[in-house]
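Worksheet: one structure, shown below.
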Amino acid sequence: MKITPGKQKGLKAVSDSRGVIAAAAMDQRGSLKTAIAKEKGVDKKEVTATMLEEFKTAVSRVLTPHASAVLLDPEYGLPAALARAKNAGLLLAYEATGYDNTKPGRLPDLLDIWSVRRLVAAGADCIKILLYYTPFDPAEINDTKHAWVERIGAECLAADVPFFLEFVGYEEGADEKGLDFAKKKPEVVTRSMEEFSKPQYAVDVLKVEVPVTMAFVKGTRSCKGDSAYTRDEAKEYFRKAAAVAKKPFIYLSAGVSNDTFTETLDLASETGVNFSGVLCGRATWKDGMPIYSKQGAKALEDWLSDQGVKNIKNVNGRLTAAKPWFSFYGATSASALA
């Protein structure tokens with residue numbers, strides 16, 4: 001395995017001194033706007049671009065001293081990128097927020113006025129794409145998605161910049177937080193990791209959900225009732241998913257609480273899977289949304305400086321079991337892949 005100079009540089013920029021990715025995520029747009037509007041008790045249209053920029057900048061300024069990188073969007077996140085700590089690399093999102101809800105398949109779209117070249121010019125060390133994906137969709141839907149990812153991979157190859165692909169499982173008309181979907185989730189995650197490890201996509205890092213829903217893992221703090229799997233079964237699903245990955249992978253927090261995400265990472269650590277870190281968003285800062293909405297930016301920064309920092313340190317403390325991204329290829333350092 002060899003890696004090009006630009007890809008090596010980008011991956012080093014978003015990793016810590018060990019080669020582990022301990023990144024904060026703040027690229028939410030539509031969901032952030034909705035949440036702030038709800039907390040303020042106003043219509044979504046009343047949440048301005050300035051508010052989103054202010055929220056993102058506060059998160060970036062306070063949390064990035066404790067992160068190896070931050071994931072932002074170019075629509076509202078560029079002021080936050082400038083406010084990040086010197087130690088933190090920058091990932092920029094390339095997809096438009098949300099998805100096409102006029103047809104089945106949750107088809108994605110790219111930001112109209114951005115390209116990989118433009119994102120790199122704006123300071124991106126790495127490019128991130130979000131894709132809603134399930135192997136159970138009709139072939140024509142997934143064929144469209146596969147071609148879409150191939151195009152982005154080729155664009156990142158041409159610009160010699162790392163490509164992070166985030167895929168989120170779903171089922172049309174189902175409750176993705178419910179018990180029925182929890183039973184299907186291990187296969188959804190595992191087969192997705194297997195698919196996007198294929199070389200035609202040119203993905204450098206897979207940003208993945210854990211293959212279980214913690215609320216249904218029997219015997220965990222997160223499980224309050226029905227269960228879909230025992231703790232041992234859950235650990236086996238972690239191992240099966242990790243075994244099919246042919247690329248380094250990191251876990252996303254998927255909007256769960258800090259307590260649930262740290263418990264998730266404890267479980268991953270117990271299994272000994274070779275994950276290379278996290279890209280963690282709402283599990284560190286989501287409880288700051290009502291504070292910002294009701295009390296403003298200064299109150300948010302005060303909360304982040306206390307509880308937000310505690311949250312990100314809780315996550316970082318679980319990364320001792322994470323393996324450097326370059327060790328996935330049997331290397332002892334990033335430069336060994338040059």
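General observations
- Residue count for the stretch 201-259 satisfying the condition of being of a type outside the set (A, V, I, L, M, F, W, C), farther than 17 Å from F164 by Cβ and open to solvent by less than 30 Å² (accessible area, probe 1.4 Å): 7.
- Some residue of the stretch 198-221 being in contact with a strand residue (DSSP E or B) (Cβ under 8 Å, 6 or more places away or on another chain) and of a type in the set (F, W, Y): yes
- Each residue in the stretch 56-69 was checked for being more than 18 Å from the chain's Cα centre (by Cα) and either under 21 Å from K12 (Cβ atoms) or free of Cβ contacts under 8 Å to residues at least 12 places away in the same chain (or both), and 1 pass.
- Residue ID - farthest from N258 (Cα to Cα), chosen from residues in the stretch 1-34 that are of a type in the set (S, T, Y) and in a loop (DSSP other than H, G, I, E, B): T4
- Just one residue in the set P135, P162 is open to solvent by less than 20 Å² (accessible area, probe 1.4 Å) and either in contact (Cβ under 8 Å) with a residue 60 or more places away in the chain or among the aromatic types (F, W, Y) (or both); that residue is P162.
- Residue list for the stretch 46-56, filter: open to solvent by less than 20 Å² (accessible area, probe 1.4 Å) and of a type outside the set (K, R): V47, L52, F55
- Residues being out of contact with any Lys or Arg (no Cβ under 7 Å at 6 or more places or on another chain), over 25 Å from L71 (Cβ atoms) and not aromatic (F, W, Y) - total across the stretch 126-141: 5
- Filtered by the rule that a residue be in a helix (DSSP H, G or I) and not aliphatic (A, V, I, L, M), the stretch 153-182 gives G153, E155, C156, D180, F181.
- Count of the stretch 93-125 residues which are within 17 Å of A69 (Cα to Cα) and either in contact with a strand residue (DSSP E or B) (Cβ under 6 Å, 6 or more places away or on another chain) or among the basic types (K, R) (or both): 6
- The single condition among (1) open to solvent by 60 Å² or more (accessible area, probe 1.4 Å); (2) touching a residue at least 40 places away in the same chain (Cβ under 8 Å); (3) of a type outside the set (D, E) that K298 does not meet is (2).
- Of the residues examined, L72 is not one that is within 18 Å of the chain's Cα centre (by Cα), open to solvent by 30 Å² or more (accessible area, probe 1.4 Å), among the aliphatic types (A, V, I, L, M) and closer than 20 Å to L252 by Cβ.
- Counted residues, the stretch 317-338 - those being small (G, A, S), in a helix (DSSP H, G or I) and touching a residue at least 12 places away in the same chain (Cβ under 8 Å): 3
- Test: L179 is among the aliphatic types (A, V, I, L, M), open to solvent by less than 70 Å² (accessible area, probe 1.4 Å) and under 21 Å from the mean Cα position of the chain (by Cα): no
- Filtering the stretch 97-146 to residues that are closer than 23 Å to S31 by Cβ, touching a helix residue (DSSP H, G or I) at 6+ places or on another chain (Cβ under 7 Å) and charged (D, E, K, R) leaves nothing.
- Qualifying residue in the stretch 37-45 (condition: more than 21 Å from N311 (Cβ to Cβ) and open to solvent by less than 10 Å² (accessible area, probe 1.4 Å)): yes
- Residue list for the stretch 82-109, restricted to those being open to solvent by 10 Å² or more (accessible area, probe 1.4 Å) and either over 25 Å from G169 (Cα atoms) or β-branched (V, I, T) (or both): L82, A83, R84, A85, K86, N87, T97, T102
Residue-by-condition table, conditions (1) among the β-branched types (V, I, T); (2) at pLDDT below 95; (3) under 20 Å from R29 (Cα atoms):
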{"position": "T271", "(1), (2), (3)": "yes, no, no"}
{"position": "T284", "(1), (2), (3)": "yes, no, yes"}
{"position": "Q295", "(1), (2), (3)": "no, no, no"}
{"position": "W325", "(1), (2), (3)": "no, no, no"}
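The values are calculated or read from the model by the stated rules, or taken from the named source; none is laboratory data. All values reported here derive from a predicted model rather than from experimental measurement. Methodologically, a virtual Cβ is constructed for each residue, glycine included, from the backbone with ideal geometry; neighbour enumeration extends over all protein chains shown. The protein model used for the area step is the full one, side chains on, heavy atoms only, and it has no ligands, DNA or RNA in it. Shrake-Rupley method; radii C 1.70, N 1.55, O 1.52, S 1.80 Å.
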